[in-house]
Amino acid sequence: MRYWVASLSMCALASLSVTPASASECLHGEDALGVSRVLHVDTSNGPLFGTLQYGKTLDLGPKEVVLTFDDGPHPHTTQRVLAALKKECVKATFFPVGTMAEQYSEVLQMIAEDGHTIGAHTWSHRNVERLSKARATKQIERGFRAIDAAADVQIAPFFRFPGLNDSKAMMAYAARRGYAIFSTDVSSDDWRGIGARTIIRRTMARLNRQKRGIILFHDTKYATAAALPAFLKALKSSGYKIVHIVPDQTYEALKSVEPGEPEAATVAGLTAAELAGGKKADASLQR
Ligand SMILES: [Zn+2]
């Protein structure tokens, strides 16, 4: 049975709870960072979030942060990330890759069971900026579809471009499709191969300058998994609050995701020439 997990885990109430599931979620309730509020995101018309690229972001107050994790799930690291989040009663947003979700569906389901928001990060982490419209559309739709199938819960119409490499064509497509696009406000640099201490130091320094925002991590990185417990403690000791984002709308699969088939083509706004000649469209989109 599919269900949407969006309920705020109220750590303050954990001690009053009589259900084992709620109690285990917030064992460290009083000392935990917790979730301060849930922010509902209207995804219609493909809103853009993240000052790194778009000059605007989520409606966050001072010291409010949203944690996001890309590229997973991975059995060696994602479970450590989940354990750290659970220990602090924190909810995050994950942007999995379709192939990973399919291969490690049991890990994806753990993310869902913990009540985190799940979006999508394409099928195989291709740079969609360099693909034809047809191929880029397929990367996005196939990714969403695989993650939706593997998660066994209702996923969010939240999307992040691999490498943050967006394209005007795919941003327009996302707007028509009702996918919110997430860039970031604060990069952790965890993809650069730096260690856990450096991740914490850089991220906190950037956050202290920005005072709020979406933070981008990768749940596939060992250093990130290692850094997370101390990073969450640093957030709490510095007075930051966690906001859990959930969508107003739900992801709905297209009947077809094959480029050239009517529904995907219509949504993507593809011309007959583009459908017939992927190579030509590819060249026109490359910078
Ligand atoms: Zn990525």
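Considering Ser167, Ser183, the condition of being farther than 19 Å from Asp71 by Cα, in contact (Cβ under 8 Å) with a residue 60 or more places away in the chain, within 16 Å of the ligand (Cβ to nearest atom) and out of contact with any Cys (no Cβ under 7 Å at 6 or more places or on another chain) is satisfied by Ser167 alone. Has the range 132-140 got at least one residue that is within 13 Å of the ligand (Cβ to nearest atom) and modelled with pLDDT of 95 or more? Within the range 132-140, one or more residues are within 13 Å of the ligand (Cβ to nearest atom) and modelled with pLDDT of 95 or more. Filtered by the rule that a residue be crowded, with 17+ Cβ neighbours inside 10 Å and either modelled with pLDDT under 95 or away from the ligand (no atom under 14 Å from the Cβ) (or both), the range 80-101 gives Arg80, Val81, Leu82, Ala84, Leu85, Lys86, Lys87, Glu88, Cys89, Val90, Lys91, Ala92.
Checking the stated criteria, Asp190 turns out to be in contact with a His (Cβ under 6 Å, 6 or more places away or on another chain) and crowded, with 21+ Cβ neighbours inside 10 Å.
To keep it simple, each residue is scored yes or no on (1) over 24 Å from the mean Cα position of the chain (by Cα); (2) at pLDDT 95 or above; (3) surrounded by 15 or more Cβ atoms within 10 Å (Cβ to Cβ); (4) of a type in the set (Val, Ile, Thr).
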{"site": "Asp185", "(1), (2), (3), (4)": "no, yes, yes, no"}
{"site": "Ile215", "(1), (2), (3), (4)": "no, yes, yes, yes"}
{"site": "Pro229", "(1), (2), (3), (4)": "no, yes, yes, no"}
{"site": "Ala234", "(1), (2), (3), (4)": "no, yes, yes, no"}
{"site": "Lys255", "(1), (2), (3), (4)": "no, no, no, no"}
{"site": "Ala264", "(1), (2), (3), (4)": "no, no, yes, no"}
{"site": "Glu274", "(1), (2), (3), (4)": "yes, no, yes, no"}
{"site": "Ser284", "(1), (2), (3), (4)": "yes, no, no, no"}
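Among the residues of the range 61-78, those identified as more than 29 Å from Lys211 (Cα to Cα) and surrounded by fewer than 22 Cβ atoms within 10 Å (Cβ to Cβ) are Pro75, His76. Using the structure shown, decide if Thr68 is over 15 Å from the mean Cα position of the chain (by Cα) and within 16 Å of the ligand (Cβ to nearest atom). So Thr68 does not fit the description; no. Summed over the range 200-224, the residues that are within 16 Å of the ligand (Cβ to nearest atom) and of a type in the set (A, V, I, L, M, F, W, C) give a count of 5.
The values are calculated or read from the model by the stated rules, or taken from the named source; none is laboratory data. On a predicted model such as this, the values are computed, not experimentally measured, just so you know. FYI the Cβ positions are ideal-geometry reconstructions off the backbone, even for glycines, and counts take in every protein chain you see.
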